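What follows draws every value from the coordinates through simple rules; no lab data is involved. Nothing here was measured: the structure is a model prediction, and the numbers come from that model. Methodologically, a virtual Cβ is constructed for each residue, glycine included, from the backbone with ideal geometry; neighbour enumeration extends over all protein chains shown.
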């Protein structure tokens, strides 16, 4: 095995580690959690299955980590284990995850659009807007 293969294997093992933590958390939550998470991420449940399956090499995008931690209600210990494993797997993306944790919460009263799908789309649009605005304000 050459050096590149060794690094790829180590990276896949590190990804598998944080995915195993996510899988265990999801397995302990109510059955609708995967669908709720998919809606929040703007994806379908099969994407959530891929990012929560340690056998799949698909990494979790850094922009999804905070939503995953929030929706799945990670305990403080689970959160620390997950973040440490994520940082080990993706050292170049870790600052993106930790930066989003340093934010503050803001509660808004918004209209009910009459359907779960429209409400979820509205919520994602607001969250995307805030994320983009935060990036503009971040120091270079």
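Okay, here's what the table says:
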item: Ranked packing of 112-121, 37-46, 14-23, most packed first, by mean Cβ within 10 Å; result: 14-23, 37-46, 112-121
item: Additional length obtainable on full extension of the chain from residue 79 to residue 113, 0.36 nm per residue less Cα span; result: 9.0 nm
